Each structure stands twice: as structure tokens, then as C-alpha cells.
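The values are calculated or read from the model by the stated rules, or taken from the named source; none is laboratory data. Predicted model only: the values in this text are computed from it and were never measured. Here the Cβ positions follow ideal geometry from the backbone for every residue, glycine too, while neighbour counts run over all protein chains shown. For the accessible areas, the whole protein counts, side chains as well, though only heavy atoms, and no ligand, DNA or RNA atoms are used. Shrake-Rupley method; radii C 1.70, N 1.55, O 1.52, S 1.80 Å.
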Amino acid sequence: MRAKKTLFGRPRRLIAIAGLGLLVLSCLHAQSQRSSDIAVVVNPDTPVTDLSLEDLRKIFLGDHQYWTAKIPVMLLIGAPATRERDVALKLIYQMDEVQFKRYWIAKIFRAESATAPKVVYSHEMANELTAAISGAIAIVDARDVGVGVKVLRIEGQLPGQPDYPLK
């Protein structure tokens, strides 16, 4: 008995196996994407090595605008729909995208901040700007931390440690 042929003359069983293989690969890729921690990186001259989640939140909300009297904080955040931005909005800002935009419009309008966080469009851009700008702080996938930046401990933990809070 011959196998039934489908589109392009391929047996149904072969197409089903190939489809299942692609599904498994996409699930594994999605799982590896979710399991990576998000690192908080700063310019190496920044006089901080460890922050509480609450202090990190104050920095990213613009409530803490200077590292020292001579080093202002420069906020860098990933573009909309990036994993880094999603984690920042959920765990640090505790806002959705619309609330985030409204928050910064209001903060600038009230003259509480001169600018909103600068948007970075890749981890390379985040790493390069953070390394080059004194006082810069960014959030990048821990697998993409670049040369010339310092990774901060959050709640005493580094990315990859069991109790690290930014996942």
C-alpha cells in the first residue's frame, strides 16, 4: 500500500514529523529566551556596585537623578516590545507601556526631569552608550553584557544567581 501524497508529493507522515520538529525547536528557543536574566549595567566610573530593587526603581523613575554631585544619571531603556523593556516595565517601573509614556510626559511637563530615558535599539547600542557616557545605566540581557560596562548586583545578587530578581 502506498502512502497518501499531499502538497508537493510529500507523504503526510514526513510533513507531520518535520512540523513536530519545528515545534519542539521553537519551544526550546522560547524557553531559553525566558530563562535568561536581565543585567543592570552602568558606566565603570559609576560609584555603585549593588542596589536594592527599590533603589533601582527610584533611579529608573527619575527620583534619584545623580550618582554624585558631578555625575548625573543617564537612563537608557530598550525599545518597545523588547524583552529588556518588558522586564523593566513589569518589575522596575510596575507600569504598562501607556502608563510609562504618560508618566514621563507628566514628569517632564512638571519640570521634575529634563528628559525621559533614552531609547536604545540593540544590546550593542546599550553597551556602547553605557561604556561611553559617564553616569549611564541600562538594562540588557545578561548573555549580551559587553566590554567596558559594570554589572550591578541587585538585592546582593548577580545575574545567574538563584535569587536574582530580574528574570
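So here's what we get for this one:
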quantity: Hits in region 99-125 - residues which are open to solvent by 80 Å² or more (accessible area, probe 1.4 Å), part of a helix (DSSP H, G or I) and more than 19 Å from LEU53 (Cβ to Cβ); calculated: LYS101, ARG102, ILE105, PHE109, GLU124
quantity: Every residue from region 73-98 that is open to solvent by less than 30 Å² (accessible area, probe 1.4 Å) and assigned to a helix (DSSP H, G or I); calculated: ARG85, VAL87, ALA88, LEU89, ILE92, TYR93
quantity: Which listed residue, of ILE71, ILE38, is at pLDDT 55 or above, among the aliphatic types (A, V, I, L, M) and in contact with a Ser or Thr (Cβ under 7 Å, 6 or more places away or on another chain); calculated: ILE71
quantity: Tabulated pairs, region 148-167, first on the phi < 0 side of the Ramachandran plot and of a type in the set (Val, Ile, Thr), second open to solvent by less than 30 Å² (accessible area, probe 1.4 Å) and in a loop (DSSP other than H, G, I, E, B), C-beta under 8 angstrom, 6+ apart or interchain; calculated: VAL149/ASN43; ILE154/TYR164; ILE154/LEU166
quantity: Residues located in region 53-62, provided they are assigned to a loop (DSSP other than H, G, I, E, B) and either at positive phi or exposed (fewer than 13 other Cβ atoms within 10 Å of the Cβ) (or both); calculated: GLY62
quantity: Filtered residues of region 119-133 (kept if touching a strand residue (DSSP E or B) at 6+ places or on another chain (Cβ under 7 Å), under 10 Å from VAL149 (Cβ atoms) and not hydrophobic (A, V, I, L, M, F, W, C)); calculated: ASN127, THR130
quantity: Residue check, ARG143 touching a Gly at 6+ places or on another chain (Cβ under 9 Å), part of a helix (DSSP H, G or I), under 15 Å from LYS167 (Cα atoms) and modelled with pLDDT of 95 or more; calculated: no
